[in-house]
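What follows is calculated from the coordinates using simple rules that are stated; it is not laboratory data. The structure presented is a predicted model; accordingly, all values stated were derived computationally and were not measured. When we count neighbours, we look across all protein chains shown, and the Cβ atoms used for this are built from the backbone with ideal geometry, even at glycine.
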Amino acid sequence: MTVRPTKASPVRIRRFPGLLTVTALGVLLAGCGIRATEVPTDFGPAPSRMRCAQTEADGASPPARGLPAQVFLLCGSSLAAVDRTVRVPKSAADSGQRRAEVARGLLDQLSAPPTPAEKETGYTTNVRGGMTVSGPRAGDPQDTLRLSIPPGSLTSYALAQIVCTFSDSAAVEGDGSVVLGGQDDGRPRRYRCTDEVRARPGSTELPSTAVADG
């Protein structure tokens with residue numbers, strides 16, 4: 001009886017190099033940091049650092065009467081403007097008194113807690129309640145605003161919120177610079193709100209210069 005050789009063994013031998021090739025390719029891909037997958041994955045866009053957004057309506061309350069304005073709140077580590085309304089007494093006849101009244105209203109808005117909708121989207125404020133603001137005293141430039149707390153005693157965030165809010169409002173005139181002082185005998189300084197300050201109020205020093213007597 002003659003036994004003929006089968007072709008089973010050569011078939012297994014021919015498949016073996018292919019298996020080695022697939023295995024080697026997987027090792028190379030893993031070494032390059034590439035993971036093979038058979039199922040496409042989609043985890044959505046990368047999280048944004050700026051998740052605050054202007055809220056058009058908080059609820060059903062009608063708009064308050066007064067002077068439309070914007071205040072700068074904190075959105076993460078940056079400043080972002082939100083809409084507010086400031087009441088200015090009709091008794092504020094001259095421009096100096098009107099600027100002081102607008103500044104008071106803006107300061108009250110800055111120190112008030114953000115609305116529920118604003119809180120939900122990430123807004124906060126570093127301006128504490130109880131601070132007041134008044135107009136110039138004798139010898140000050142006419143556009144001076146004096147805070148009840150010396151500007152140098154405020155946090156960098158709070159000072160940036162105040163300066164950027166005042167500079168974009170009827171509380172100041174001219175080039176948008178803000179002359180601030182405290183209730184002490186220190187000379188007021190002229191502050192400027194820049195793009196760098198709005199982007200990084202915690203790490204960017206507010207540009208300021210000393211002012212001459214008014």
Could you list the GluC sites (Glu not before Pro) in segment 84-183 that lie in coil according to DSSP, counting only those with at most 15 other Cβ atoms within 10 Å of their Cβ? Glu173
Please report, in debye to the nearest 20, how large the charge dipole of segment 64-196 is about its Cα centre when each Lys and Arg carries +1 at its beta carbon and each Asp and Glu carries -1 there. 360
Using the crude model of +1 on Lys and Arg Cβ and -1 on Asp and Glu Cβ, and no other charge, please compute the dipole size for segment 155-214 relative to its Cα centre, in debye to 20. 140
Scan around Ile149 for amide H atoms under 5 Å from its own, H built in the peptide plane at 1.01 Å from N, and keep only partners 5 or more places away or cross-chain. Thr132
Linear extension gain, Ala117 paired with Arg137, 0.36 nm per residue minus alpha-carbon span: 3.2 nm
What ³J(HN,Hα) values, in whole Hz, does the Karplus curve 6.51 cos²θ - 1.76 cosθ + 1.60 give for segment 101-106 when θ = phi - 60°, with x put for Gly and Pro? 5, 4, 4, 4, x, 5
Using modelled amide H (1.01 Å from N, peptide plane; none on Pro or chain starts), what sits under 5 Å from the amide H of Asn126, excluding residues fewer than 5 places away? Leu74
Give the residue from Ser111, Pro136, Ala81 lying farthest towards the positive end of the charge dipole for segment 70-140; charges sit on Cβ (+1 for Lys and Arg, -1 for Asp and Glu) and the dipole is referred to the Cα centre. Pro136
